[in-house]
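Novice: Sharing a structure here in structure tokens format.
The values are calculated or read from the model by the stated rules, or taken from the named source; none is laboratory data. This is a predicted model, so every value here is computed, not measured. Cβ sites come from the backbone with ideal geometry, for glycine too, and all protein chains shown count toward neighbours.
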């Protein structure tokens, strides 16, 4: 292959198919246990963990929650969630650029699956690779923030096409950022008209109740 | 493979080696032409293109510049650069999660290589995959922004280990973000003590002259 052109994506096709099969196995386990599952994707720093913290704080009195957070190297995200008194398993993906169904399957026995109503699975911070690797959750939430620039959505159509809910976060910074959140909403709906789009600030709490409604909870 | 555990990264090992060999071929072309080359990596929205616009504006009177910008789908970044009157080739990587030496090699004949002193190559917005795929440039610049949160550096040690210059951007938002830029500098230098770290604001121009010095230009 050396000296020749090659494509990363082509070589990954077998992996993607194997992953889809495993994801169905994982999803079957969740369905058998009656657990509602959400997979959260988004770039580093978009506020995925902060959004989860806000959701956990509002939902923990009403549902039995568990979380899985994925990160390349650290345990920082899981520690943030655990401070809210909720079970959280950390997966370190190492050099993997996305969480896979295989990695999620590996930790299923660490989760209290008989005592959980809702499971949130936070992917690694990456807006590209997770588009190709589903993990077996019922719904996918994509999180972007207005600090990533107004073009972040149209630059990543694939992830918005395959998500159910889109969160446009850090809306508290609206007045100082040179972006139009309403245009971002429009971009998201143009890519995927059935998407539920919510403007949020994990910091101030704005939009979190609307997000809970959009998740059907 | 279906039903079995697998790792994306393991399967990519052959690709990574083939890419390294191609990167050396690309680098040889640049060296023969006497072109200084810089590869810019960072997450979506960190400000890679904005930093490049600031550099181009200051350097275009002194050097003959050319740029290559990579993006999953759009031509937005190249158009931003071209507005400064500088040659810019756009590579659309499609479903590839990183720019590869192969993709860069494919556009070499579109670049005016005999009339260029400095080439900047902007990678796709991703802090994970580009760590495994070098493209044949002499120096790598990694760009993060303080809006990505204080942990963005320690969460991505690999990319900081293999970079020569680290840019911590959007420093103009210092007073409203709950992060300590000096701690981020410290994190970067702990991971890679030989890294040159520069605090910048592409918006106000703060730190751009220091960045030019750090690049040896």
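Novice: Keeping to the stretch A:108-139, report how many residues are touching a residue at least 12 places away in the same chain (Cβ under 8 Å) and surrounded by fewer than 22 Cβ atoms within 10 Å (Cβ to Cβ).
Specialist: Count: 12.
Novice: Return the residues of the stretch A:136-159 that are farther than 16 Å from residue B:126 by Cα and either modelled with pLDDT under 95 or part of a strand (DSSP E or B) (or both); say none if nothing qualifies.
Specialist: A:139, A:140, A:141, A:150
Novice: From the set of residues in the stretch A:186-216 that are in a loop (DSSP other than H, G, I, E, B) and more than 20 Å from residue A:58 (Cα to Cα), which is nearest to the chain's Cα centre (by Cα)?
Specialist: A:195
Novice: Return yes when residue A:125 is outside any helix (DSSP H, G or I), in contact with a helix residue (DSSP H, G or I) (Cβ under 8 Å, 6 or more places away or on another chain) and farther than 21 Å from residue A:154 by Cα and no when it is not.
Specialist: Working: outside any helix (DSSP H, G or I): yes; in contact with a helix residue (DSSP H, G or I) (Cβ under 8 Å, 6 or more places away or on another chain): yes; farther than 21 Å from residue A:154 by Cα: no.
So residue A:125 fails the test.
Novice: Can you pull out every residue in the stretch B:160-183 that is in contact (Cβ under 8 Å) with a residue 40 or more places away in the chain and away from every other protein chain (no Cβ under 12 Å)?
Specialist: Of everything in the stretch B:160-183, those that are in contact (Cβ under 8 Å) with a residue 40 or more places away in the chain and away from every other protein chain (no Cβ under 12 Å) turn out to be B:163, B:165, B:167.
Novice: Just for the stretch B:111-122: of the residues that are farther than 16 Å from residue B:28 by Cβ and part of a loop (DSSP other than H, G, I, E, B), which one is nearest to the other protein chains (Cβ to nearest Cβ)?
Specialist: My answer is B:112.
Novice: Taking the stretch B:82-100 only, how many residues are under 12 Å from residue B:123 (Cβ atoms) and more than 8 Å from every other protein chain (Cβ to nearest Cβ)?
Specialist: Adding up the residues that qualify gives 3.
Novice: On to the next question. Take the conditions crowded, with 21+ Cβ neighbours inside 10 Å and in contact with a helix residue (DSSP H, G or I) (Cβ under 7 Å, 6 or more places away or on another chain) and apply them to residue A:104. Does it pass?
Specialist: yes
Novice: Now a separate question. I'd like the full set of residues that are assigned to a loop (DSSP other than H, G, I, E, B) and over 17 Å from residue A:207 (Cβ atoms), limited to the stretch A:160-185.
Specialist: If the condition is that a residue be assigned to a loop (DSSP other than H, G, I, E, B) and over 17 Å from residue A:207 (Cβ atoms), then A:162, A:176, A:178 are the ones that fit.
Novice: Could you run through the stretch B:187-215 and say how many residues are surrounded by fewer than 16 Cβ atoms within 10 Å (Cβ to Cβ) and in contact with a strand residue (DSSP E or B) (Cβ under 6 Å, 6 or more places away or on another chain)?
Specialist: 1
Novice: Out of the residues in the stretch A:140-159 meeting the condition of being in contact with a helix residue (DSSP H, G or I) (Cβ under 7 Å, 6 or more places away or on another chain) and more than 8 Å from chain B (Cβ to nearest Cβ), tell me which one is surrounded by the fewest Cβ atoms within 10 Å (Cβ to Cβ).
Specialist: A:150
Novice: Given the criteria in contact (Cβ under 8 Å) with a residue 60 or more places away in the chain and touching a strand residue (DSSP E or B) at 6+ places or on another chain (Cβ under 7 Å), does residue A:142 qualify?
Specialist: yes
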